[in-house]
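What follows is one structure encoded as structure tokens, with my remarks underneath.
Please treat every number below as a calculation from the coordinates, not as lab data. Keep in mind that this is a model prediction, so the values were computed, not measured. Backbone-built Cβ (ideal geometry, glycine too); neighbour counts: all protein chains shown.
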Amino acid sequence: MAQQEWLYGIHALESVISREPERLIELFVLKGRDDKSIHDIASQARRFGASVQFCQRKTLDDKVDGGQHQGVVAKVKPAKQYNENDLATLVESSKLPFLLILDGVTDPHNLGACLRTADAAGVDAVVVPKDKSAALTPVVRKVACGAADVIPLVQVTNLARTLRDLQDAGVWIVGTAGEAENNIYDCKLNGPMALVMGAEGKGMRRLTREHCDELIKLPMAGSVSSLNVSVATGVCLYEIVRQRG
């Protein structure tokens, strides 16, 4: 594991400071930026022992390789990484498990958006395969607006085996597929549940599909054949929230 990583963006850094300030090592702030949020971040960073440097824009741009840093970049200690054992503990500790499983979502912007929506919907954890997923990069954290430091992102080595383990634990696995017969609004989605979303275009992999207890689809009335995966994830998660509420 890397000994340090880079974070940028106001929301991502506010989240780290409020929850895990001990991760901060060094903060880099755009020189001349008069912004209360950034002043507060710098003040909190100093309070928790991190050094603060004021830099020109090019210095910040170089550190994030062109990312939209909003005038603030931080060097931090790596966040906790979650695996299969952590997932079992999370499921056991939840009164009504609610999981999001992303099979083959490799775009960091989509992963970040899914994490943000999952956190808002009250999902216990987001599960991804190690070999077919975007990693928890600074871009993901920036798009997630702090959610990436709140909701566990569990990387599993064998997604099919993880699905079987969840089923053994009493979790109902619902997968989304364009060719499914059942409309999401006609299905009962209010128990211990894991929603599986596939990659855009390809959808779920065959083995993942075979391990689902039920396949559902979103109604598509227009000319497009599918939604962006993060948008579809939001629609599905909130239908589950509505039914569970």
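For this structure, a couple of remarks:
- Mean Cα-pair separation over length for the stretch 84-244, i.e. relative contact order, pairs under 8 Å, 6 or more apart, %: 28 percent
- The value of relative contact order for the stretch 160-245, using C-alpha pairs under 8 Å at least six residues apart, is 38 percent.
- Alpha carbon Rg of the stretch 139-182, scaled by the compact-globule rule 2.2 N^0.38 Å: 1.58
- Taking the C-alpha atoms of the chain, convex hull volume expressed per residue in Å³: 143 Å³
- In summary, the aspartates and glutamates within cross-link reach of Lys132, defined as a Cα separation below 17 angstrom excluding same-chain residues under 8 places away, comprise Glu84, Asp103, Asp107, Glu200.
- Only Lys, Arg (+1) and Asp, Glu (-1) charged, at Cβ; the chain dipole about Cα centre in debye: 600 debye
- Calculated over the stretch 34-153, the projected area of the Cα convex hull averaged across directions stands at 8.9 nm².
- Residue order, fewest to most surrounding Cβ atoms within 10 angstrom, among Thr117, Thr176: Thr117, Thr176
- Two-decimal log10 I(q)/I(0) for the stretch 5-76, as the Debye equation yields it once each C-alpha is a single scatterer, q = 0.13, 0.17, 0.20, 0.21 Å⁻¹: -0.29, -0.50, -0.71, -0.79
- Taking amide hydrogens as placed 1.01 Å from N in the peptide plane, the amide H of Val196 sits under 5 Å from those of Ile101, Val174, Gly175, Thr176, each at least 5 positions away in sequence or on another chain.
- Helix 84-93 axis, angle to the chain major axis (alpha carbon atoms, nearest 10°): 80 degrees
- Of the peptides 229-242, 101-114, 41-54, the order by per-residue mean of other Cβ atoms within 10 Å, starting with the highest, comes out as 101-114, 229-242, 41-54.
- When the inverse distances between all different Cα atoms of the stretch 115-172 are averaged and flipped, the Kirkwood radius reads 12.3 angstrom.
- Long-range amide H partners of Val154 with built H, under 5 Å: Val126, Val127, Val128
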